[in-house]
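All remarks here apply to the structure that follows.
The values are calculated or read from the model by the stated rules, or taken from the named source; none is laboratory data. The structure presented is a predicted model; accordingly, all values stated were derived computationally and were not measured. Neighbour counts are summed over all protein chains in view; Cβ atoms, including those assigned to glycine, are modelled from backbone coordinates with ideal geometry. Each accessible area value is taken on the protein alone, full model and side chains, heavy atoms only, with ligands, DNA and RNA left out. Shrake-Rupley method; radii C 1.70, N 1.55, O 1.52, S 1.80 Å.
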Amino acid sequence: MKDMIKTVTVLCVISLIAGALLGLVNEITFISDEEILNSKLKTAYAAEAFTPVQTASEEGLLGVYSPDGADGVYVYYVTDEGYGGEIKLLVTVENNLLTKIVKVEAGETAGLGDNAFKDKFLSQFYGTDISTAETYPAFPDKTSGVDAVSGATITSNAMLRMINLVIVSHKAILQGEAA
């Protein structure tokens with residue numbers, strides 16, 4: 001009985017020390033969601049600080065940010081459900097032109113769905129005048145003029161829905177409907 005109490009006590013002490021060390025490591029290495037977003041915003045547009053222009057007002061729109069000192073530039077933080085789960089993107093619009101799309105988070109299948117985050121697919125949207133663009137129809141509609149990612153229709157449609165949300169949201173901002 002004495003040996004069992006001694007063993008349990010030693011295991012409890014070891015567990016307490018291990019837990020304390022893990023907590024310390026977590027405290028030192030923890031990166032908040034806000035810090036991650038700010039880092040990604042700087043990837044989407046080279047600026048030191050961003051001002052929120054609009055918070056989530058429509059499903060899928062997580063926020064709209066404007067880089068400090070950059071007139072006519074908006075970075076849209078959007079999300080939608082892909083094949084592998086939630087996809088989060090930052091879409092940069094400069095002077096009404098879509099200029100950059102940055103993946104924040106996605107769990108799409110390697111070699112298939114993740115091809116939607118490569119320039120071969122994304123470059124189809126770069127240079128689009130968002131202020132006059134019409135929303136894109138879902139794949140496999142061939143009238144959109146956009147090539148889907150082969151073998152990744154669900155992911156391709158999620159990408160289109162997010163870009164469509166940027167188009168609608170940007171037009172609303174230009175018309176002064178969102179603030």
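The figures follow:
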read-out	value
Elements of type strands (runs of 3 or more DSSP E) contained in region 58-148, each with 2 or more residues being among the β-branched types (Val, Ile, Thr)	73-82, 85-94, 97-105
Failed item in (1) in contact (Cβ under 8 Å) with a residue 40 or more places away in the chain; (2) over 30 Å from Glu48 (Cα atoms); (3) open to solvent by 70 Å² or more (accessible area, probe 1.4 Å), with Ser156 passing the rest	(3)
Qualifying residue in region 131-153 (condition: surrounded by 18 or more Cβ atoms within 10 Å (Cβ to Cβ) and closer than 27 Å to Ser39 by Cα)	no
Test: residue in region 99-109 that is crowded, with 19+ Cβ neighbours inside 10 Å, more than 15 Å from Ala44 (Cα to Cα) and at pLDDT below 90	yes
Qualifying positions in region 50-76 - more than 21 Å from Gly176 (Cβ to Cβ) and open to solvent by less than 40 Å² (accessible area, probe 1.4 Å)	Gly60
Test: residue in region 35-50 that is part of a loop (DSSP other than H, G, I, E, B), at pLDDT below 90, over 23 Å from Asp129 (Cα atoms) and within 16 Å of the chain's Cα centre (by Cα)	no
Count - residues of region 135-171 that are at pLDDT below 90 and not basic (Lys, Arg)	18
